[in-house]
Amino acid sequence: MSAAKIHDVRYRPFDGEQKNSTRRAVLSMARWSALRALGARRPWTAKIVPVGLALIALGPAITALGVKALLGTNITQQLPGDIVPYAPYYQLIGFVILAYAAIVIPETICPDRRSRVLDLYLSTALSPREYVAGKILASLTPLLAVTTLPLVFLYVGNVFFATYPLGYVQGHLREIPAIFGGGLLIALVYTLLGLAIASLTSRRAFATVGFVLLLIVSSLVSGVLSHVANLGPNARLFNLQFLPVWLAQKMVGQTTSVINDGPLAPMQTPDLSLLILMNAILIVGSLAILFLRYRRTDA
Amino acid sequence: MLEPATIEIVGASRRYGTIQALDNVALTIDAPATGLLGQNGAGKSTLMKAILGLVRLDTGDLRVLGHDARREGEQIRRRIGYAPEHECLPPELTAADLVRHLAELRGLSRADAIRRASEVLFAVGLEEERSRVIGSFSLGMRQRVKIAQALVHSPDLIILDEPTNGLDPTQRNEMLDVIRRVSRDLGVRVLISSHILDDIRRTCDAVVVMRAGAVTLARPLQAAAGEADVLRAETVMEAAPFVARLVAAGLACDPIDERTTRVTIRSDRDREQIRDAAAETGVGLLRLHPDGPSIEDELLAAIG
């Protein structure tokens, strides 16, 4: 009789490949963080805000294309401008972008501080810089979808409804890189600003309130400087609510809308060079806060 | 080629303001499971973080698995698993997702991470609960998740900081069994810190005692085979015939008084000789105990 025994411990040393690269660590951190912030593998309540905001951002594009479909190409071609031009679109969905940055972005880093999971991450070969890079990517990608996809959808719709689609593309070729560039700029500025504020607290609610307060205060300061100190449009450089939006609009190019009222009304904006400078300061300042908050304090 | 010691520390010191967290620590750790024993604030956690390369030493050298902790922290962390003392698990993730996530951060492919997460959760007895969110876990289960994530990349050494802290007696027993299994059955070297002597005795082969940042004792927990052990035999009657019988059996005896004798033994067979000699001579063996302090006495004195 055989004396063989079966030992089922279902554990054996891992002999597969361990790829230890910065790119892999950053991408892995970004993927898990983005999925968590967007509510993946969590109850449906966690998905409402990110999905809802993304759908609201698409609203104006759907409406504009719907009107075109209802009125027909013949009528819309005779209008003096686009129903919703590309540049003012950012203004139109500004509150969605800000709400996204205020509510969803803190979700990527505040829970880690709160549950102190950072100690576990740093006990792997992940460095604080890789952690921060992963979190930036995790926050930037969904916000980039919010700032870019509605305009891409609108552009594709405009091509579809144009009498001569190829002619429309040829006439609006410049807008294609500008839509992506402008969307990236807005997403980058608000991602970094949102993360910088969220890095100062472990509570999501505090991060959200802090972000909103900063925008309100900056808007008030800009208003006071503009009207009381009579500094003109350049006083608006302190208005963080619109700073990246104005630069993105300048990138996309101002076009006339048939509706010159409300959020679609043209605004007097600061000089281009000053806008670039202030946005750069905002990006560098936010990055500095982030990396200071997550620098390795010891080894 | 000779394998490097698990951990080699020479003259390691680290000060935080007025507190000397590590004070000229010199130590070699090479047992399959080593316990780091000491009261709270003795310097155990600082030493563990220094081993992980997360705390920089003011002076001294520290080598872990042959790597210099000062310069090669990243390489060390790739070969080590770490379970911190404090609560550090995200409550909204499932055990499987967390272990998978950490496996991917340690460089495993997605397919390998899924498979390994299942294996290590099984190994720590959490297979049934792997799809439950960690927030619904008991403290004992959360401690097991910490061990599972530390094992997921098949490290050469795992460091467990106070793994039985806050556990009830049943959870504590289960946790100690898991730790013993990790070092004995899974063949992973273990460094465990605790302020409970019994935890170390039940799980470790060697012990390092720390007090006020310094190492006060480092020794194996079992006497080496063939090492002499001195016992003190106390008899009811006069011990002379008993001693004569022991000497005739080849045991070294040193009478202290009429009824007390110091006997040197080298094996369990010698212990049986003492029992037999007492029965044959009818002296009535009153007590037989180690001469001098026991391991417990020695450890307790070192802890302070």
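Every read-out reported here was derived from the displayed coordinates using simple, explicitly stated rules and does not represent laboratory data. Source: prediction; values computed, not measured. In this analysis, Cβ positions are derived from the backbone assuming ideal geometry, glycine residues included, and neighbour counts consider all displayed protein chains.
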Crossing angle, helix A:204-227 versus chain A [Cα axis fit, 0-90 degrees, rounded to tens] = 30
Using only the Cα atoms of segment A:21-154, each taken as one equal point scatterer with no solvent, compute I(q) by the Debye sum, divide by I(0), and report log10 of the ratio at q = 0.18, 0.21 Å⁻¹.
-> -0.97, -1.17
A student asked for the Cα radius of gyration and Dmax of chain B in angstrom ought to give 23.9, 76
Ratio Rg/Rh [Cα only; Rh per Kirkwood] for segment A:49-125 | 1.30
For the protein assembly as shown, what Kirkwood radius comes out of the mean inverse Cα-Cα distance, in Å?
-> 29.1
For chain A, the longest principal axis of the Cα atoms and the Cα long axis of helix A:45-71 enclose an angle in degrees, to the nearest 10, of 30
Checked against the positive end of the charge dipole of the protein assembly as shown (+1 on Cβ of Lys and Arg, -1 on Cβ of Asp and Glu, about the Cα centre), the farthest of A:M251, B:L151, B:A278 is A:M251
Provide Rg and Dmax in Å for segment A:22-293, with only Cα atoms included in the calculation.
-> 19.9, 65
Over the whole of A:121-131, what's the average partner chain Cβ count within 10 Å per residue? Rounded to a whole number, please.
-> 6
If you place +1 on the Cβ of every Lys and Arg, -1 on the Cβ of every Asp and Glu, and leave all else neutral, what size is the dipole of the protein assembly as shown about its Cα centre, to the nearest 20 Debye?
-> 2140
Estimated FRET transfer efficiency when R0 is 56 angstrom, pair A:V159-A:R116 (beta carbons, to 0.05) = 0.65
Amide H to amide H under 5 Å from B:V215: which residues, 5+ apart in sequence or cross-chain, H placed 1.01 Å off N in plane?
-> B:A26
Given segment B:146-226, what percent of its DSSP beta bridges are antiparallel, to the nearest 5?
-> 55
Among A:K68/A:K250; B:K44/B:K146; B:K49/B:K146, which pairs are too far apart, with a Cα-Cα distance over 23 Å?
-> A:K68/A:K250
Between segment B:1-73 and segment B:169-194, how many Å separate their Cα centres?
-> 21
What order, most packed first, do the peptides A:16-28, A:32-44 have when packing is the mean number of other Cβ atoms within 10 Å of each residue?
-> A:32-44, A:16-28
About the Cα centre, charge dipole magnitude for chain A (Lys/Arg +1, Asp/Glu -1 at Cβ), debye = 1140
Calculated FRET efficiency for the pair B:D198/B:V236, C-beta based, R₀ 35 Å, to 0.05 | 0.55
For the protein assembly as shown, calculated [θ]222 nm from helices alone, where every DSSP H run of n ≥ 4 adds -39500 (n - 2.57) | -16500 deg cm²/dmol
Relative contact order (%) - criterion: Cα under 8 Å, at least six apart; region: chain A = 25
For segment B:229-295, what is the largest minus smallest coordinate of the Cα atoms on each principal axis, given in angstrom and ordered from greatest to least?
-> 31, 21, 16
When Cβ neighbours within 10 Å are restricted to other protein chains, what is their mean count per residue of peptide A:112-118?
-> 4
Calculated FRET value between A:V221 and B:Q222, using beta carbons and R₀ = 60 Å, to 0.05 = 0.25
Residues listed by number, segment B:21-53, amide nitrogen under 17 Å from A:R129 label point at 7 Å toward C-beta = none
